[in-house]
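Chemist: Questions regarding the structure given below will be posed in turn.
The values are calculated or read from the model by the stated rules, or taken from the named source; none is laboratory data. If you're wondering where the values come from, they're calculated on a predicted model, not measured in any experiment. Quick reminder, even Gly has a Cβ in these numbers, built from the backbone with ideal geometry, and neighbours come from all protein chains shown. Side chains included, ligands, DNA and RNA excluded: accessible areas come from the protein's heavy atoms. Shrake-Rupley method; radii C 1.70, N 1.55, O 1.52, S 1.80 Å.
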Amino acid sequence: MRVRTTLCSAAATLAALALLTACGGSGGATASSDGAALVGVDYPRSDTDFWNSYIKYTPEYAKELGLSLKTTNSQNDVAKLTANAQTFISQGVKGLAMAPQDTAAIAPTLAQLEAKKIPVVTVDTRPDSGKVYMVVRADNRAYGEKACQYLGTKLGGKGKVVMLQGGLDSINGRDRTEAFNECMKKNYPDITVFGEATNWDGAVAAQKLQTRLTQHPDIKGVYMQSSFALSGTLQVLKQKGLLVDPKDNKHVFVVSNDGIPEELKDIAAGKVDATVSQPADLYAKYALYYLKAAIDGKSFKPGKTDHDSTIIQVRDGLLEDQLSAPLVTADGGTYGGVPSVKSDDTSLWGNNLN
C-alpha cells in the first residue's frame, strides 16, 4: 500500500507557539488554535546536537500539520517520562509522541495510555512490549551493518576496532551492536572488535576509548553508535597523536551515527570518515503525521511508502516506518556494497539546519 503523506493544513491558524526545552517538568509549551487537535510530545533529552535538532523541528511541523502542541522533556529518565505522560493525560491530549530510551520499562505507561484510548507514536526507539500506533525510526541494524562494511573495507579486513556502544537497555543500542558484530564475524573475521558499553554517555565513551588505545595502540577503527561520543573521541585521538589526515598511516578510521552538522564538517575536514545520517527532521515530521492520522482514524499496512521508506510489521499489531538513513562519506563511494552520499550533499538535513 502506498502511504499518502500529504495532509491538508487545518483551516484554523496557530495563535501561539512556545518551545519547552528546560529540565523535564510538566508545564509544556502550548500552540493553541480553534479546532486544532491537541497532541503531546515528550523530548527524551536536550544534551545532544541530534535531539536539539529534533526539538527545533517539532513545533515547525506541528504548525505545518495544524496541530496544537504541548511538550515536556524527560531527560533520559523513564520515571520522568512516566510522570510527563500523566501530565499529558490530565491536559487532555488526543495523541502522544515519545522516544523512550529504556524500551522495556515504558510498557506500563503504554498500557495506561492504551486504556485511555490515547494513541502513541514512538520515535527513534521501539518498545520491547506494549502497543503503539506507529514506530518512527530508521533501520538501526542497517546502521551497524553500514559501519561494519565501511570499516571492514577501509581496514582491508584485518586489524582492531573499538565499538562505542550506546545503552544496551535500548533497542537501538542492541540493534546496532548485534548487527555490527554479526557483520564483522561473517564478512571480516580477521578484525577484532572491542565492544564498550557507554550508556550514551560521552565522558564514559572517551575514558573507555583511551583505555583501549593504551592497551592496544594498533587499533585502527572506531565505531561510535551516536554523535554523543564525537567530541570525546576526537579529543582522545588528538591526545594520542592519531588525529591525522586519512592518507597518513597513523590515521584511525572513525564512523559515527546521526549526521549532525558537526559530523559533516568533520568528514570534510578529514577528522571523521563516515556517518549514518539519522533523520532528525523526518522523525519530527512523521511522528506528528502519524499522530494526526491516528486522531483522524486512519490505518496503515506494511509496504513501501511514498516518502522513501518501508513500513514493516515488527510483531502482531505493531508497525514501524523505517525511514531512510544513508551512509555519508567524503567521496560518496560504495563500501562493501553499501552506497554513500557525499558529506556536502544538500539533501542531508545536517546541511540544512539554520
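One line per residue, one yes/no per condition, for (1) open to solvent by 30 Å² or more (accessible area, probe 1.4 Å); (2) in a helix (DSSP H, G or I):
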residue	(1), (2)
248	yes, no
254	no, no
266	no, yes
270	no, no
286	no, yes
294	no, yes
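Chemist: Within segment 161-190, restricting attention to residues that are of a type outside the set (A, V, I, L, M, F, W, C) and assigned to a loop (DSSP other than H, G, I, E, B), which residue is surrounded by the most Cβ atoms within 10 Å (Cβ to Cβ)?
Modeler: The extreme case among them is 166.
Chemist: Could you give me the residue pairs with C-beta distances under 7 Å whose first residue belongs to segment 294-309 and is free of Cβ contacts under 8 Å to residues at least 60 places away in the same chain, whose second residue is among the charged types (D, E, K, R) and buried (at least 16 other Cβ atoms within 10 Å of the Cβ) wherever it lies, and which are 6+ apart or on separate chains?
Modeler: These pairs meet every condition: 309/321.
Chemist: What are the residues in segment 310-330 that are touching a Lys or Arg at 6+ places or on another chain (Cβ under 7 Å) and free of Cβ contacts under 8 Å to residues at least 60 places away in the same chain, if any?
Modeler: 310
Chemist: Going through segment 110-149 one residue at a time, which ones are open to solvent by less than 10 Å² (accessible area, probe 1.4 Å) and in a helix (DSSP H, G or I)?
Modeler: Of everything in segment 110-149, those that are open to solvent by less than 10 Å² (accessible area, probe 1.4 Å) and in a helix (DSSP H, G or I) turn out to be 110, 113, 140, 143, 144, 147, 148.
Chemist: While we're on this one: Confirm whether residue 143 is in contact with a Pro (Cβ under 7 Å, 6 or more places away or on another chain) and at negative phi. Explain how you work it out, then say what you get.
Modeler: Numbers: in contact with a Pro (Cβ under 7 Å, 6 or more places away or on another chain): no; at negative phi: yes.
The answer is no for residue 143.
Chemist: Which pairs do you get when a residue that is touching a residue at least 24 places away in the same chain (Cβ under 8 Å), found in segment 205-230, comes within reach of a residue that is open to solvent by 60 Å² or more (accessible area, probe 1.4 Å) and among the charged types (D, E, K, R), reach meaning Cβ atoms under 6 angstrom, with the pair 6+ apart or on two chains?
Modeler: 213/240
Chemist: Which of the residues belonging to segment 99-109 are assigned to a loop (DSSP other than H, G, I, E, B), surrounded by fewer than 24 Cβ atoms within 10 Å (Cβ to Cβ) and among the hydrophobic types (A, V, I, L, M, F, W, C)?
Modeler: Hits for segment 99-109 are 104, 105.
Chemist: Out of 232, 241, which single residue is small (Gly, Ala, Ser) and over 26 Å from the mean Cα position of the chain (by Cα)?
Modeler: Values: 232 fails: over 26 Å from the mean Cα position of the chain (by Cα).
Exactly one of 232, 241 is small (Gly, Ala, Ser) and over 26 Å from the mean Cα position of the chain (by Cα), namely 241.
Chemist: Shifting gears a bit: Is it fair to say residue 139 is over 21 Å from residue 348 (Cα atoms) and of a type in the set (Asp, Glu)?
Modeler: Numbers: over 21 Å from residue 348 (Cα atoms): no; of a type in the set (Asp, Glu): yes.
Answer is no for this residue.
Chemist: Which one is farthest from residue 291 (Cα to Cα), of the residues in segment 30-50 that are modelled with pLDDT of 95 or more and not in a loop (DSSP other than H, G, I, E, B)? Please lay out each step first, then the result.
Modeler: Just the residues of segment 30-50 that are modelled with pLDDT of 95 or more, to begin with: 37-44.
Keeping just the survivors that are not in a loop (DSSP other than H, G, I, E, B) gives 38-43.
Working: 38: 10, 39: 8, 40: 10, 41: 10, 42: 13, 43: 15 Å.
Looking at residues that are modelled with pLDDT of 95 or more and not in a loop (DSSP other than H, G, I, E, B), I get 43.
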